[in-house]
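First the structure, in the form of structure tokens, and then the observations on it.
The values are calculated or read from the model by the stated rules, or taken from the named source; none is laboratory data. Here the structure is a predicted model, which is why all the values come from computation and not from measurement. Cβ placement follows ideal geometry from the backbone for every residue including glycine, while neighbour counts extend to all protein chains displayed.
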Amino acid sequence: MTKTVESHGGNIVAEVFQRHGIQWIFTLCGGHISPILTGCNEKGIRVVDVRHEATAVFAADAVSRLSGTIGVAAVTAGPGLTNTITAIKNAQMAQVPVLILGGATATVLKDRGSLQDIDHLSVVKSVIKYAKTIKRVRDIQPSLEEAIATARLGVPGPVYIEIPVDLLYPEILVRDWYGLKSKSKSMPWWMSSYLNWNVNRIFKDKHKTYSKNAQTDNTQNSSLHIPKVSEMLQSAEKPVLLIGSQALLIPSQREALADAVKELNIPTYVSGMARGLLSKSHLPIFRHERKKALKEADLVILAGVSCDFRLDYGRMIHHRAKIISINLSRGDMYLNRRPARGILTNPGSFLIELNKSNNNAKQKKWENWHQKLSERNKKRWNVIKTQADADIDYVNPLKLCLEINQHIEDGDIIVADGGDFVATASYILRPQSLSGWLDPGVFGTLGVGAGFLLGAKLTHPESVVWAIYGDGAFGYSLMEFDSFVRHKIPVIAIIGNDAGWAQIARDQVEMLDDPIGTELAVTDYHKAVEVLGGKGYFVDKENQIDDVLTQAKESAKSGKPTVVNVRIGKTDFRKGSISM
């Protein structure tokens with residue numbers, strides 16, 4: 001006999017999600033949030049439980065980046081929320097809209113020593129755009145609507161909604177918890193009156209639905225800037241376009257953006273998710289010697305890129321170069337270097353509009369500039385290929401990356417999680433789709449891999465999803481292979497295993513002559529994955545790479561989460577690359 005459960009707050013949450021086209025909710029279960037999970041399950045929204053709350057938020061982050069639908073994570077009270085802070089901050093700095101639902105103690109037990117009761121809003125205040133504690137059932141729906149809208153508005157980012165447990169469970173059960181259904185006279189009359197008042201307040205008009213007033217976007221009318229930007233381009237002799245992740249925030253625009261980059265024909269460099277534009281081989285994108293190009297450029301267009309440490313705080317750009325900064329964030333637009341023209345809007349949308357209004361087709365006047373950058377790019381690439389052939393102990397990491405390139409196919413997605421090995425891979429690997437590259441972003445967070453893999457495979461089930469890991473970073477993801485096995489998420493992880501935190505060790509040892517804290521064991525990660533139910537391979541010779549990668553793809557396509565643990569040697573490829 002099937003037990004009938006009264007409608008509850010979790011059902012209201014699920015109904016809102018269903019209206020917004022949300023297909024997945026990521027979680028680590030907890031008693032404070034159980035009705036949210038059961039309500040979503042009842043509505044056909046897939047509940048994906050993981051082994052650490054940070055993974056849930058990273059997965060929601062990846063869903064937002066890749067699908068255009070906001071990603072959602074639900075975590076229980078106290079440590080359930082505090083475990084997510086790094087992942088929430090990463091989403092904030094990467095400017096990704098994510099909704100985090102947090103559980104909380106019952107309203108009548110707040111600040112009375114209840115299990116896992118902390119001031120959640122104070123904890124998240126610095127890392128989110130919007131935070132709210134819901135106090136009545138009828139406020140669940142409009143508050144969620146407002147939070148989702150706020151997450152996407154202006155500079156996208158994470159938002160937090162706290163729902164106390166007594167708003168989520170059925171009213172009849174809450175009255176029972178409060179002791180209001182008991183015939184016992186042990187409760188003083190004043191306490192019974194107070195509890196009755198509180199329950200009535202919580203559940204009054206619980207079926208009422210209404211919407212919040214829509215918020216307005218404060219971005220500029222970019223068309224007003226088009227004539228001036230076109231004029232500046234016409235006058236430029238050596239323009240450079242830098243495109244960052246923000247330009248690819250709207251998945252449906254990515255093809256149009258690629259077309260715009262092609263037609264504008266401005267020498268271009270990409271970073272973050274914009275590396276997906278490398279999948280279009282006919283675009284004027286250069287991968288190497290960006291620093292030299294910026295030192296010579298007379299016009300630099302920053303499309304979703306700020307003058308932070310990655311551009312040496314603006315000093316990488318020639319001091320006489322004119323800068324056009326297109327950004328959703330006014331703060332990022334003016335960071336460290338004041339642009340000649342700042343345009344507060346979505347940079348991808350602006351480039352598309354600029355291309356539509358451009359009447360000059362490809363700029364023939366820049367041919368010599370293109371040729372100069374192309375020759376430099378080719379020369380650097382030849383050096384990399386020569387370095388990849390160097391004979392070192394174990395596997396040359398450059399050689400490994402070149403071999404991986406041969407196995408990445410159209411539509412595949414690459415997730416980057418690590419330091420030295422991943423930074424090396426970023427010079428070499430070529431994404432094969434416009435959504436083909438995911439990295440943490442400016443925060444440089446280790447541990448994004450498992451969540452990003454999960455979100456990428458769910459949103460692109462037909463794609464082969466690869467993760468490029470350093471062995472240090474893989475430690476954060478190992479246990480999530482249990483989640484991949486349980487939820488049938490067949491992904492491929494390539495571990496560059498040099499038994500250490502190489503990015504830190506390289507400079508620490510040279511500057512301070514001490515490797516303390518940077519050394520790891522040569523660990524059989526592939527065996528650990530097999531114990532968890534996945535498939536593992538080990539490589540320590542270069543002539544094994546091709547066959548093992550072929551087998552790994554077959555394992556993943558057969559439904560097995562797969563790890564290739566590659567013992568790599570040490571090189572000087574990234575010597576002196578420390579960032580501060």
If we keep only residues of the stretch 306-352 that are over 15 Å from residue 154 (Cβ atoms) and either in contact with a His (Cβ under 7 Å, 6 or more places away or on another chain) or among the basic types (Lys, Arg) (or both), then the residue surrounded by the most Cβ atoms within 10 Å (Cβ to Cβ) is 337
Going by the structure shown, is residue 423 outside any loop (DSSP other than H, G, I, E, B) and closer than 25 Å to residue 486 by Cβ?
no
Counting just the residues of the stretch 23-40 that are part of a loop (DSSP other than H, G, I, E, B) and crowded, with 24+ Cβ neighbours inside 10 Å, which one comes out nearest to the chain's Cα centre (by Cα)?
33
Taking residue 220, is it modelled with pLDDT under 75, within 32 Å of the chain's Cα centre (by Cα) and farther than 28 Å from residue 101 by Cβ?
yes
Do we have residue 405 as surrounded by fewer than 16 Cβ atoms within 10 Å (Cβ to Cβ) and on the phi > 0 side of the Ramachandran plot here?
no
Out of 69, 86, I need the residue that is closer than 30 Å to residue 274 by Cβ and not in a helix (DSSP H, G or I). Which one?
69
Return the residue satisfying two criteria in turn: it lies in the stretch 462-506 and is assigned to a helix (DSSP H, G or I), touching a Phe, Trp or Tyr at 6+ places or on another chain (Cβ under 8 Å) and of a type in the set (A, V, I, L, M, F, W, C), and of such residues it is surrounded by the fewest Cβ atoms within 10 Å (Cβ to Cβ).
502
Looking at (1) among the basic types (Lys, Arg); (2) over 29 Å from residue 400 (Cβ atoms); (3) without any contact (Cβ under 8 Å) to a residue 40 or more places away in the chain, which is the only condition residue 385 fails?
(2)
Return yes when residue 538 is hydrophobic (A, V, I, L, M, F, W, C) and outside the structural domain of residue 496 (by TED's automatic domain parsing) and no when it is not.
no
The residue from 510, 542, 530 that alone is surrounded by fewer than 22 Cβ atoms within 10 Å (Cβ to Cβ), modelled with pLDDT of 90 or more and either closer than 22 Å to residue 426 by Cα or out of contact with any strand residue (DSSP E or B) (no Cβ under 7 Å at 6 or more places or on another chain) (or both) is 542
Could you go through the stretch 83-90 and let me know if any residue there is of a type in the set (Lys, Arg) and at pLDDT 95 or above.
yes
Pairs please, first residue from the stretch 448-459 and under 16 Å from residue 272 (Cα atoms) and outside the structural domain of residue 47 (by TED's automatic domain parsing), second anywhere and crowded, with 24+ Cβ neighbours inside 10 Å and hydroxyl-bearing (Ser, Thr, Tyr), Cβ atoms under 7 Å, 6+ apart in sequence or on different chains.
449/469; 449/477
Yes or no: the stretch 241-257 includes at least one residue that is on the phi > 0 side of the Ramachandran plot and charged (D, E, K, R).
no
Of the criteria (1) buried (at least 22 other Cβ atoms within 10 Å of the Cβ); (2) under 17 Å from the mean Cα position of the chain (by Cα), which one residue 144 fails
(2)
Go through the stretch 82-94 and give me each residue that's buried (at least 24 other Cβ atoms within 10 Å of the Cβ) and over 13 Å from the mean Cα position of the chain (by Cα).
84
Would you tally the residues in the stretch 530-580 being without any contact (Cβ under 8 Å) to a residue 40 or more places away in the chain and among the acidic types (Asp, Glu)?
4
Just for the stretch 288-323: of the residues that are among the β-branched types (Val, Ile, Thr) and under 21 Å from residue 258 (Cα atoms), which one is farthest from the chain's Cα centre (by Cα)?
300
Give all pairs with beta carbons closer than 8 Å in which a residue from the stretch 220-233 that is in a loop (DSSP other than H, G, I, E, B) meets a residue that is among the aromatic types (Phe, Trp, Tyr); count only pairs at least 6 apart in sequence or on separate chains.
225/350
Enumerate the pairs (first residue in the stretch 477-497 and closer than 14 Å to residue 417 by Cα and hydroxyl-bearing (Ser, Thr, Tyr); second residue anywhere and at pLDDT 95 or above and assigned to a loop (DSSP other than H, G, I, E, B)) with beta-carbon separation below 8 Å, excluding pairs fewer than 6 apart on the same chain, so at least 6 apart or on different chains.
477/447
May I ask you to list the residues in the stretch 378-402 that are buried (at least 21 other Cβ atoms within 10 Å of the Cβ) and outside any helix (DSSP H, G or I)?
395, 396
